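Only one structure is covered here, and it is reproduced in the block below.
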Amino acid sequence: MAKRIDVSGLTAFYGTHRAIDDISMTVEPRSVTAFIGPSGCGKSTFLRTLNRMHEVTPGGRVEGKVLLDDENLYGANVDPVAVRRTVGMVFQRPNPFPTMSIFDNVAAGLKLNGKYRKNELANVVEKSLKGANLWNEVKDRLNKPGSGLSGGQQQRLCIARAIAVEPDVLLMDEPCSALDPISTLAIEDLIGELKERFTIVIVTHNMQQAARVSDRTAFFNLSAVGQPGKLIEIDETERIFANPSVQATEDYISGRFG
Amino acid sequence: MDTTTAPPTDAPPPPPVFDKGAPKAKKQLGDRIFLGLSRGSGITLLVIMAAIAAFLTYRAMLAISKDETNFLTTFEWNPQGEPVSFGIAVLAFGTVVSSIIAMVIAVPIAIGIALFISHFAPRRLAAPIAYLVDLLAAVPSIIYGLWGAVFLVPYLDGLNKWLDEYFAWTYIFDKTNEGVARNLFTVGILLAIMILPIITNVIREVFLQSPKMIEEAALALGATRWEVIRMAVIPFGRSGIISASMLGLGRALGETMAVAVVLSPSFLLSFHILDAGGGTFAQNIAAKFNEANGFGRDALIASGLVLFIITLLVNGAARAIIARRKEYSGANA
Ligand SMILES: Nc1ncnc2c1ncn2[C@@H]1O[C@H](COP(=O)(O)OP(=O)(O)OP(=O)(O)O)[C@@H](O)[C@H]1O
Ligand SMILES: [Mg+2]
């Protein structure tokens, strides 16, 4: 079930390095929000604070609050493992489990949760692969290893794996940057369908992609190398691309820097 | 002359584009020397191997053809007796059983230590532990043997009694003869300690190489640390674990001194692993070689050949297992 994300005063560190500083924003349920900004401004870092993956990095530390509906992900009694089960993630490079079959890849999350019945599993796998527009391509070879698929297929397999557990939120970090234009289109279409069910946040370096898939766009920037990244503005995608309220945003979008 | 080469022309050849003069030529010479060396040593190695194999087989056949009892099933070693009678049954059994005991103990512990070093221990703890494991590998095997005989045997006597008392129903822990713990079980434990470092080090390297991307995939799905290990680290390292185990097994099968010092050798074949006595190929050869005459040595060589064949079979099996899993190995990820 899609949930609203409410971030306030979020700062993230790598050791002593402050990577992003004091970020606050709201992401509406059943919408697509795109993060854009120059390389190194902390888009990935911020994304990874939303499912508590940031703290997996040695030295990774977070201050501030992330509310999912009304629950603080960084509350004292919150188990990060439980957070990651409700906030799914798709990575830049497709990373299916190479030692597992296609079927087992999609079923992996469910098996972790332990809440499934054998006959149910096959249904969920089929539904998720259909949801990721991959079913027709792989239905005859579900027992083959996932690493035998093409890059675009692998990425859709990863999406299927992420949505199989019915997360509340789906985070995607440049999911198309390793893919050809056709696979990219396939995934963009898929994002359009998935937003009916999930809250989606996507990082992208592709302005057209941000314009095509997202409802709202957030622009991040950093004042200089080594300085923390900041949220410059977040608004309806149309406004960001037509007449943003900050000059830096316009410069970035029109390709004048970054 | 090949007809497909370009027709000769009178025009001067174009200046060489990549030729940077002397350093380049030197490098090519270096390449040639290196190629010659590596090819030469490869061939030499093959020739030496073939010579050894031929020699061993020849001497072994000489001995086996004069054996008046079955070489494979006889429970005694009496090549200089009347009649000539020697067989490898007890040796093969002792070798295999002690090695299996060693593997059963060492492999899980090695996986545990490797996991701890690679994925759980804080960095300032991981390095010293890895160093300690390396140190274990540097101890000479005769020292292990002495330690085993002087410390382990009396210490394990109590454990043997306890196992015999409460676990005799498992059959293998039923002790049916008197005598101290100079048995296959003790040998197995000692071998386990001896092969632990090599197995641990190989597995640790494999685990350290497990791809971060895949581990993050598991984490992001909501896997606990242990589940990450189970989903991403161990499957990825499976063929490495098998290779490491085979390396250790090879050492255990061939270990001589430590076994010779600890075991009280006898030609007893008992599935009760706490029974004192038994023998292994290497131990038997080490114990008998000096007193043996020419024929006796041939007989020992024959037993050595069997050990060699067993080692080859074990390696072949390991390779087969690894090859069968290749598709899923993650090598193409
Ligand atoms: N593992 C890490 N350890 C230390 N610093 C890091 C680490 N990962 C990122 N950083 C630093 O954090 C800052 C933000 O990096 P991040 O990867 O979030 O940027 P990004 O906006 O995603 O860039 P890109 O568009 O290139 O992906 C950078 O200054 C980077 O050097
Ligand atoms: Mg990034």
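Is it true that some residue in segment B:271-278 is in contact with a helix residue (DSSP H, G or I) (Cβ under 6 Å, 6 or more places away or on another chain) and surrounded by fewer than 23 Cβ atoms within 10 Å (Cβ to Cβ)?
No, that holds for no residue.
Can you name the residue in segment A:147-177 that is within 12 Å of chain B (Cβ to nearest Cβ) and within 16 Å of ligand 1 (Cβ to nearest atom) and is also farthest from A:Thr33 (Cα to Cα) among such residues?
A:Asp173
When you check B:Ala260 against the structure, is it of a type outside the set (S, T, N, Q) and either open to solvent by less than 30 Å² (accessible area, probe 1.4 Å) or free of Cβ contacts under 8 Å to residues at least 40 places away in the same chain (or both), yes or no?
It is false that B:Ala260 is of a type outside the set (S, T, N, Q) and either open to solvent by less than 30 Å² (accessible area, probe 1.4 Å) or free of Cβ contacts under 8 Å to residues at least 40 places away in the same chain (or both).
I'm checking my understanding of the structure. Among residues of segment A:79-111 that are of a type in the set (Val, Ile, Thr), in contact with a strand residue (DSSP E or B) (Cβ under 9 Å, 6 or more places away or on another chain) and farther than 25 Å from A:His54 by Cβ, which one is farthest from the other protein chains (Cβ to nearest Cβ)?
A:Ile102
Only one residue in B:Ala287, B:Ala282, B:Ala302, B:Ala320 is more than 29 Å from B:Val84 (Cβ to Cβ) and among the small types (Gly, Ala, Ser). Which one?
Answer to the check: B:Ala320.
May I ask you to list the residues in segment A:1-16 that are outside any loop (DSSP other than H, G, I, E, B), touching a residue at least 60 places away in the same chain (Cβ under 8 Å) and open to solvent by less than 40 Å² (accessible area, probe 1.4 Å)?
Passing the criteria: A:Ile5, A:Val7, A:Thr11.
Say whether the condition of being part of a helix (DSSP H, G or I), open to solvent by less than 70 Å² (accessible area, probe 1.4 Å) and at pLDDT 90 or above is met by at least one residue in segment B:74-89.
Yes: segment B:74-89 contains one or more residues that are part of a helix (DSSP H, G or I), open to solvent by less than 70 Å² (accessible area, probe 1.4 Å) and at pLDDT 90 or above.
With the condition being farther than 29 Å from B:Phe207 by Cβ and under 25 Å from the mean Cα position of the chain (by Cα), I'd like the helices (runs of 4 or more DSSP H) fully within segment B:117-182 carrying at least 3 qualifying residues.
Result: B:141-147.
Table: residues versus (1) in a loop (DSSP other than H, G, I, E, B); (2) of a type in the set (A, V, I, L, M, F, W, C); (3) within 12 Å of ligand 2 (Cβ to nearest atom).
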residue: A:Arg18; (1), (2), (3): no, no, no
residue: A:Met25; (1), (2), (3): no, yes, no
residue: A:Pro29; (1), (2), (3): yes, no, no
residue: A:Ala34; (1), (2), (3): no, yes, no
residue: A:Cys41; (1), (2), (3): yes, yes, yes
residue: A:Phe46; (1), (2), (3): no, yes, yes
residue: A:Arg52; (1), (2), (3): yes, no, no
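Would you point out the residue of segment B:227-239, among those that are more than 7 Å from chain A (Cβ to nearest Cβ) and among the small types (Gly, Ala, Ser), that is least open to solvent (accessible area, probe 1.4 Å)?
Selected residue: B:Gly237.
Looking at this structure, is A:Ile102 within 16 Å of ligand 1 (Cβ to nearest atom) and touching a helix residue (DSSP H, G or I) at 6+ places or on another chain (Cβ under 6 Å)?
no
For segment B:214-226: of the residues being without any contact (Cβ under 8 Å) to a residue 40 or more places away in the chain and open to solvent by 30 Å² or more (accessible area, probe 1.4 Å), which is farthest from the other protein chains (Cβ to nearest Cβ)?
Residue satisfying both the conditions and the ranking: B:Trp226.
Say whether the condition of being closer than 28 Å to B:Leu274 by Cα and assigned to a loop (DSSP other than H, G, I, E, B) is met by at least one residue in segment B:94-112.
Taking every residue of segment B:94-112 in turn, none turns out to be closer than 28 Å to B:Leu274 by Cα and assigned to a loop (DSSP other than H, G, I, E, B).
I need a count of the residues in segment A:26-58 that are more than 12 Å from the chain's Cα centre (by Cα), near ligand 1 (Cβ under 10 Å from one of its atoms), farther than 22 Å from A:Gln208 by Cα and of a type in the set (S, T, N, Q).
Of the residues in that region, 1 qualify.
When you scan segment B:182-193, do you find a residue that is at pLDDT 90 or above, of a type outside the set (D, E, K, R) and open to solvent by 40 Å² or more (accessible area, probe 1.4 Å), even just one?
Checked against the condition, which is being at pLDDT 90 or above, of a type outside the set (D, E, K, R) and open to solvent by 40 Å² or more (accessible area, probe 1.4 Å), segment B:182-193 yields at least one hit.
It is to be established whether one or more residues within segment A:224-232 are away from ligand 2 (no atom under 16 Å from the Cβ), open to solvent by less than 10 Å² (accessible area, probe 1.4 Å) and more than 16 Å from the chain's Cα centre (by Cα).
For segment A:224-232, residues away from ligand 2 (no atom under 16 Å from the Cβ), open to solvent by less than 10 Å² (accessible area, probe 1.4 Å) and more than 16 Å from the chain's Cα centre (by Cα): absent.
I need a count of the residues in segment A:54-74 that are more than 14 Å from chain B (Cβ to nearest Cβ) and within 16 Å of ligand 2 (Cβ to nearest atom).
Of the residues in segment A:54-74, 0 are more than 14 Å from chain B (Cβ to nearest Cβ) and within 16 Å of ligand 2 (Cβ to nearest atom).
I'd like to verify a number: residues in segment A:167-194 that are at pLDDT 90 or above and within 16 Å of ligand 2 (Cβ to nearest atom), how many?
The number of residues fulfilling the criteria is 6.
Can you tell me how many residues within segment A:200-223 are buried (at least 20 other Cβ atoms within 10 Å of the Cβ) and within 12 Å of ligand 1 (Cβ to nearest atom)?
7
Go over the candidates B:Ala53, B:Ala63 one by one and state the one that is within 30 Å of B:Glu82 (Cα to Cα) and either under 23 Å from the mean Cα position of the chain (by Cα) or exposed (fewer than 10 other Cβ atoms within 10 Å of the Cβ) (or both).
Result of the check over B:Ala53, B:Ala63: B:Ala53.
The values are calculated or read from the model by the stated rules, or taken from the named source; none is laboratory data. Since the model is a prediction, treat every value here as computed from it, not as a measurement. As a convention, Cβ positions derive from the backbone with ideal geometry for all residues, glycine included, and neighbour counts pool all protein chains shown. SASA here: full protein model, heavy atoms, side chains in, ligands and nucleic acids out. Shrake-Rupley method; radii C 1.70, N 1.55, O 1.52, S 1.80 Å.
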